[in-house]
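First the structure, in the form of structure tokens, and then the observations on it.
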Amino acid sequence: MEQARSGAVLEATLERITFANPQTGYTVARVDTGRGGDLVTVVGSLLGAQPGETLRLRGRWGAHPQYGRQFQVEDYRTVLPATVQGIRRYLGSGLVKGIGPRLAERIVDHFGTDALRVIEEAPARLAEVPNLGPKRTRLITAAWEEQRAIKEVMVFLQGVGVSTSLAVRIFRRYGDASIGVVRTEPYRLAAEVWGIGFRTADTIAAAVGIPHDSTQRVEAGLQFVLSEATGQGHCFLPEEHLVAQAVEILQVPAGLVGHCLALLVAEQGVIREELPGAHGEPTVAYYLVPFHRAEVSLAAGLRRLADADADRMRGFAAVDWDAALGWLHRRTGVQLAPGQREAVRLALTERVAVLTGGPGCGKSFTVRSIVTLAAAKGARILLAAPTGRAAKRLTELTGVDAVTVHRLLELRPGGDAAFDRERPLQADLVVVDESSMLDLLLANKLVRAVPPGAHLLLVGDVDQLPSVGAGQVLRDLLADGTPVPHVRLTQVFRQASRSGVVTNAHRINAGRPPQVRGLDDFFLFSTDDAEEAARLTVDVVVRRIPVRFGLDPRRDVQVLTPVHRGPAGAVALNELLQEALTPAGPDRPEKRFGGRVFRVGDKVSQIRNDYDKGRNGVFNGTQGVVTAVDPVEQTVTVVTDEDETIAYDFAELDELVHAYAVTVHRSQGSEYPCVVVPLTTSAWMMLQRNLLYTAVTRAKQLVVLVGSPRALAQAVRAGGSGRRHTALAHRLRGDPGRTRAAPAVLAAG
């Protein structure tokens, strides 16, 4: 390393950003000094800097052993360009939304070196530019004002370690009040700004002088622990778990944590309740308010539906079932098995019922039979599933249009549903497939919207992974002693038994290793090295499967991995698969955001519920394909699996991740012609039976496992993913004197 010289000043135009960490603001960029010769590399925190801007950089020169001479930035400020060429380049860089290179040229041709002053001081004069109408003028003026205001906020936030993308979110949430909120109430950010967690807010709080042992900090830390618990599937935490985790995270005495916890309960920031423990002793449980309300409401709502005096399908109470099932047989040409017949009867006579079972056991045909009989009686039928893919599959199966649960309820910004108890759905029968995916909050919204007297049938495989969100609704409904009528189908039908995918799914679920030799639809490519497993996974997806089976590697093949990080995790595999399937090219537009690049043709997935997008929101797990990148409007366009076109501002790209490879949890409710599953010992803690079972049951035609036989054996052997803290089953059981008797549970064939 050559001797660094401190205090150097470099004025240059930012040409391109080659890397940026959105969390830290650390950036690697190339700049043009205007003196001819090659571009110069600069590194450091360039929070908010955009290509095309002229920057005055203060720092020092140094030399990297691999990348050579570079300028290490200590701080910078933006300098507006003064020449016609510089202004044209600045405006045409995409910095100001609505101005691209052509429009920039027209503005500068008209105003010359006064162009920036006109936009700043007399924006109405932009109407003088030929073919620039008043609507476009207003949009450009607003974009310029927002950009300037965001810059001012960023100057403050840069000193407290907030990244560019988060600074934009803070500004859009609080506007001119941003600096005041950050300075005096930084923990509000964790609750109100997506992408800012407690740790980021805590760092900001320390920077603005909030004491380490302040009540504000400890209360925020307790709510953070509970929020993290809901992200792991828990609806509440026992008191001892909550206090211990808060002490560890906050590094404050347990007495202070207990005092602040009592204050939170008094302020109704959290709910305290005594619940029966696993061994009879009481558990002191603490809930975040929305989750307590939802759990109580869901249990009450299910009881309300089950005990309703009205019955919108009363005609089935006295039906001649032999005659009805005989008619169904003549219509479909298929004879229902005993368990399927009982499930049909249960769904059409009970106002709340559950149908569960593994692959090949006839759940789908049973649902089709229920819908056919209900339609024959003129029932109004609504079908839904948690994901767009599952809804499409349900439509194909029944011939009746199905939608996602979110669209069925017409969820609005903020998460409120258009349909609820005051405005219920117009339906006699509501069927929800893939119900293992229903988390507590969504299940509560659904049940609230079902009208009294209507029938609700929840269909799903209880042995799959529970929902990504808090709760284990399907599992709790089927817990011992709950008054929910249900049928479990267990017999694998003859046609399905010839499928290696189906047979091996049941072997895995029973704790037996899958058969990986001699089948034409289930394979294991063995390697003990995680990096080799990643390379082999890419080769299988890109070359071997298309050649042998004729499947499209982007449309028909999905890589499902147990983990997000690691050599064979989703992040690393997405980089490798993107390079192989959607490589950079002069004819493929792209946008670099943080450490990722989004290109036209990329397979992507939404990673949070965003109720402001699309017709009724875009939700965590929604997949799609990038169809356009517009540097002028600063948007990336995605067409989702539900055939909806969604535009993302460049600042919103942290809502998207690449989806060539996704975690098994994110694949729930979806089905693919082929799944490829890397299994490595580096993912040891995540190797569990229900995870592998869920991955295998996502495949319609073909499963390819890649990796270590030892890892495969561990996944089959590990029986569960741990108990979630929920009390729905307890609330459903209620007072034994008030509990409605449930029909006998069937293990049906």
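The criterion of at least 1 residues that are acidic (D, E) is met by the following strands (runs of 3 or more DSSP E) wholly inside segment 592-647: 623-630. Close contacts from segment 231-249, counting a first residue that is touching a residue at least 12 places away in the same chain (Cβ under 8 Å) and a second that is aromatic (F, W, Y) and part of a helix (DSSP H, G or I), with Cβ to Cβ under 6 Å and a gap of 6+ residues or different chains, come to C235/F291. Within segment 333-350, the set of residues being farther than 15 Å from G360 by Cα, polar (S, T, N, Q) and under 39 Å from the mean Cα position of the chain (by Cα) comprises just one member, T349.
Checked against the criterion of being within 28 Å of the chain's Cα centre (by Cα), of a type in the set (D, E, K, R) and open to solvent by 30 Å² or more (accessible area, probe 1.4 Å), segment 497-518 contains not a single residue that satisfies it. Pairing residues of segment 524-543 that are free of Cβ contacts under 8 Å to residues at least 40 places away in the same chain with residues that are of a type outside the set (S, T, N, Q), at Cβ distances under 8 Å and at least 6 apart in sequence or on separate chains, gives E531/P567; E531/A568; V542/P553; V542/L577; V542/A580; V542/L581.
Taking (1) over 27 Å from the mean Cα position of the chain (by Cα); (2) surrounded by fewer than 16 Cβ atoms within 10 Å (Cβ to Cβ); (3) within 20 Å of Q472 (Cα to Cα) in turn, D320 satisfies each apart from (3). As a summary of the residue check, L57 satisfies the conditions (1) open to solvent by 20 Å² or more (accessible area, probe 1.4 Å); (2) in a strand (DSSP E or B); (3) closer than 17 Å to I17 by Cβ except for the one numbered (1). In the condition set (1) assigned to a helix (DSSP H, G or I); (2) over 19 Å from L263 (Cβ atoms); (3) not aromatic (F, W, Y), G233 is compliant with all but (1). Restricting attention to segment 200-214, the residues that are among the hydroxyl-bearing types (S, T, Y) and open to solvent by less than 60 Å² (accessible area, probe 1.4 Å) total 2. Of the residues in segment 611-618, at least one is of a type in the set (A, V, I, L, M) and surrounded by 18 or more Cβ atoms within 10 Å (Cβ to Cβ).
A quick yes/no check of all residues on (1) hydroxyl-bearing (S, T, Y); (2) open to solvent by less than 50 Å² (accessible area, probe 1.4 Å); (3) out of contact with any Asp or Glu (no Cβ under 8 Å at 6 or more places or on another chain); (4) without any contact (Cβ under 8 Å) to a residue 40 or more places away in the chain:
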{"site": "G550", "(1), (2), (3), (4)": "no, no, yes, yes"}
{"site": "R555", "(1), (2), (3), (4)": "no, no, yes, yes"}
{"site": "P562", "(1), (2), (3), (4)": "no, yes, yes, no"}
{"site": "L576", "(1), (2), (3), (4)": "no, no, yes, no"}
{"site": "E579", "(1), (2), (3), (4)": "no, no, yes, yes"}
{"site": "A584", "(1), (2), (3), (4)": "no, no, no, yes"}
{"site": "R592", "(1), (2), (3), (4)": "no, no, yes, no"}
{"site": "V597", "(1), (2), (3), (4)": "no, yes, no, yes"}
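Checking V31, V118, V42 one by one, the residue that is at negative phi, of a type in the set (V, I, T) and over 40 Å from the mean Cα position of the chain (by Cα) is V118 and no other. Being of a type in the set (D, E) and over 23 Å from V344 (Cα atoms) is the filter here, so list the residues in segment 396-437 that pass it. Correct list: E410, D416, D420, E422.
Scanning segment 434-470 for residues that are of a type in the set (D, E, K, R) and touching a strand residue (DSSP E or B) at 6+ places or on another chain (Cβ under 9 Å), we see that the one that is farthest from Y693 (Cα to Cα) is R448.
The values are calculated or read from the model by the stated rules, or taken from the named source; none is laboratory data. These figures come from a predicted structure and were not determined experimentally. Please note: Cβ atoms are built from the backbone with ideal geometry, for glycine as well, and neighbour counts cover all protein chains shown. Just so you know, the surface numbers come from the protein's heavy atoms only, side chains and all, with ligands and any DNA or RNA stripped out. Shrake-Rupley method; radii C 1.70, N 1.55, O 1.52, S 1.80 Å.
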